[in-house]
1. Calculate one ³J(HN,Hα) per residue across the stretch 172-183 by plugging θ = phi - 60° into the Karplus curve 6.51 cos²θ - 1.76 cosθ + 1.60, and present them in order as whole Hz with x for glycine and proline.
2. In debye, nearest 20: dipole of the chain around its Cα centre with unit charges on the Cβ of K, R (+) and D, E (-)?
3. Roughly how many nanometres apart are two label points built 7 Å out from the Cα toward the Cβ at residue 213 and residue 31?
4. Counting heavy atoms of the protein chains only and a 1.4 Å probe, report the per residue accessible area for the chain as a whole number of Å².
5. What net charge do the residues around residue 34 carry, taking every other residue with its C-beta under 15 Å from that of residue 34, with Lys and Arg at +1 and Asp and Glu at -1?
6. Is it possible to state the helix-based mean residue ellipticity at 222 nm for the chain, with each DSSP H run of 4+ residues giving -39500 (n - 2.57), the sum divided by total residues, to the nearest 500 deg cm²/dmol? What is it?
7. In nm, to one decimal, how far is the modelled label at residue 199 from the one at residue 80, with both set 7 Å along Cα→Cβ?
8. If the cut-off is 17 Å between C-alpha atoms, which aspartates and glutamates fall inside it for residue 88, apart from same-chain ones fewer than 8 positions away?
Amino acid sequence: MKNILVTLLFLLTSFLGFGQSVSAPNSKSFTQSTSAQDASGFILSGFGSTETLLTSISLVNPPSGTTFVLNTTTGLTAASGFTLSGNKTRLVVTGTMASINTALTSLKINTGSVNGNIVLSVAATVNPTGYYYNGVNGHFYKPITTGAYYTAARAASLLTTFKGQTGYLVTITSADEDAFIYANVPQGNIWFALTDEVEEARWTIDAGPEKGTLIKINNGQTNGNIPGQYNNWAGGEPNNSGNEDYAVTKWGGGTQWNDLPNHFSCAYVIEYGTWTNPDDATFTEFYTNSVTHSIQIHLHLVWRWIVKKI
């Protein structure tokens with residue numbers, strides 16, 4: 001019995017030791033108004049060597065002027081909406097664990113003249129085939145290329161789950177999100193969660209965290225657009241030509257919206273995530289760690305201040 005228990009403990013320890021995780025470095029102090037300070041020490045572990053990972057690197061509410069840069073990006077691909085080069089406050093990439101770890105060893109912090117804490121966060125998950133991650137809001141999107149009526153697409157979306165989150169028919173609440181859909185979904189005429197089925201010309205978001213939000217109160221491209229709410233209608237749309245109560249984006253393969261009736265069979269997108277800040281994400285199988293650094297005043301600035309006072 002004792003040997004069995006020892007064996008079980010060994011197996012459990014081995015399993016835990018190889019669990020997927022992100023480890024963070026110890027806290028340190030960075031010098032004010034200084035570029036390319038070493039911020040390495042984050043390490044991804046436990047993922048398969050051939051798996052493609054999605055990794056987000058972000059500064060959480062950084063002091064003004066503070067950014068980071070990866071000096072090595074070999075083997076990485078920037079997610080939609082991001083570029084590998086230049087100084088960043090957030091970056092989302094895909095690559096193997098080895099490539100990402102190599103890049104993380106080259107992580108540098110650039111500080112500005114404003115003091116404060118630097119919260120640096122790294123999150124990683126297996127990059128799933130058929131899903132697209134939006135680093136701006138921290139949501140995943142799954143295009144469904146098989147056509148469906150609007151009401152069927154809305155209902156089917158709610159029956160799905162992904163990494164612990166219930167899906168919903170995609171909502172489009174900003175130009176950035178609209179551009180993200182345009183860039184990542186090849187189909188045209190894509191249903192999204194916007195309808196005036198309850199009352200004609202009162203266009204209301206009817207899914208997701210924004211459900212019930214009224215964005216428009218008249219038909220026509222700009223008529224009745226509510227200030228502060230995102231609208232992107234094509235010229236002359238919506239026009240209710242044939243009881244058209246539901247909205248599509250990428251109308252005709254373009255960048256704008258149109259209204260269509262429910263008997264059209266269109267592609268659609270399922271969205272996962274209800275938060276607006278990606279640092280608030282609660283996906284399962286998404287591994288995160290962070291470290292809080294501080295900025296110290298540069299000694300030569302202190303000396304200049306003393307000399308000035310004297």
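1. Karplus values, whole Hz, x for Gly and Pro: 10, 10, 7, 5, 5, 5, 4, 5, 4, 4, 4, 6.
2. Values: 15 positive and 19 negative charges, 336 e Å.
Dipole of the chain, to the nearest 20 debye: 1620 debye.
3. 4.5
4. 49
5. After counting each charged neighbour, the total is +1.
6. -5000 deg cm²/dmol
7. 3.4
8. Leaving aside aspartates and glutamates fewer than 8 places away in the same chain, those within reach of residue 88 are 38, 279.
The values are calculated or read from the model by the stated rules, or taken from the named source; none is laboratory data. Computed from a predicted structure; not experimentally measured. All Cβ positions, even for glycine, are placed from backbone atoms using ideal geometry, and neighbour counts span all protein chains on display. Note: accessible area is taken over every heavy atom of the protein model, side chains too, but ligands, DNA and RNA are not part of it. Shrake-Rupley method; radii C 1.70, N 1.55, O 1.52, S 1.80 Å.
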